[in-house]
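A.B. asks: Can you keep this structure in mind? I'll have questions shortly.
The values are calculated or read from the model by the stated rules, or taken from the named source; none is laboratory data. Not measured: the values here are computed from a predicted model. Neighbour counts are summed over all protein chains in view; Cβ atoms, including those assigned to glycine, are modelled from backbone coordinates with ideal geometry.
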Amino acid sequence: MSTNWVNNKDVVQAAKALCQGKYGTALSLLETKAGDGHPEAQYLVGLMFRFDLGLISDGKKGLKLIEMTADQGHGDAQHQLAKCYREIIFDECEKCPSSYKLEQSAA
């Protein structure tokens, strides 16, 4: 992954604002960059949606942004995407009948 985002003043300021809980500031700095396809901006906005950081929680929108960023080779997004997929699989397993869960655990 390229580290060009480190040289992007808006993205760096947005990441700092995000860490400080200044979600409105972070979003205003990231929105345009994310819309222009900037991978780090997309990833950070995706996290904001996914984890309800100053935005109305929208897991699907967050996941879509994280997937787009992962497809661009962004390592953190790829890791986060794997975690999201694992959560989705476990959520689906919770809906499975108990007998299925027992069969799977015995396998």
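A.B. asks: Please verify whether MET68 is modelled with pLDDT of 90 or more and over 19 Å from ASP10 (Cα atoms), treating the condition exactly as stated. Before the answer, list the steps.
C.D. replies: On the way: modelled with pLDDT of 90 or more: yes; over 19 Å from ASP10 (Cα atoms): yes.
Yes: the conditions hold for MET68.
A.B. asks: While we're looking at this one, here's another question. Tell me, which residue of the range 1-30 that is among the small types (Gly, Ala, Ser) and not in a helix (DSSP H, G or I) is modelled with the highest pLDDT? Spell out the reasoning first.
C.D. replies: Keep residues of the range 1-30 that are among the small types (Gly, Ala, Ser), which gives 2, 14-15, 17, 21, 24, 26, 28.
Add one more test, that the residue is not in a helix (DSSP H, G or I), and what stays is 2, 21.
Numbers: SER2: 44, GLY21: 93.
Taking the candidates together, the pick is GLY21.
A.B. asks: Of LYS33, LYS64, which residue is closer than 27 Å to ILE88 by Cβ and either in a helix (DSSP H, G or I) or in contact with a Lys or Arg (Cβ under 6 Å, 6 or more places away or on another chain) (or both)? Spell out how you get there, then give the answer.
C.D. replies: Numbers: LYS33 fails: closer than 27 Å to ILE88 by Cβ.
When all the criteria are applied, what remains is LYS64.
A.B. asks: Six or more apart or on different chains, Cβ atoms under 7 Å: show the pairs whose first residue is in the range 7-27 and free of Cβ contacts under 8 Å to residues at least 60 places away in the same chain and whose second is in a helix (DSSP H, G or I) and among the aromatic types (Phe, Trp, Tyr).
C.D. replies: VAL11/TRP5
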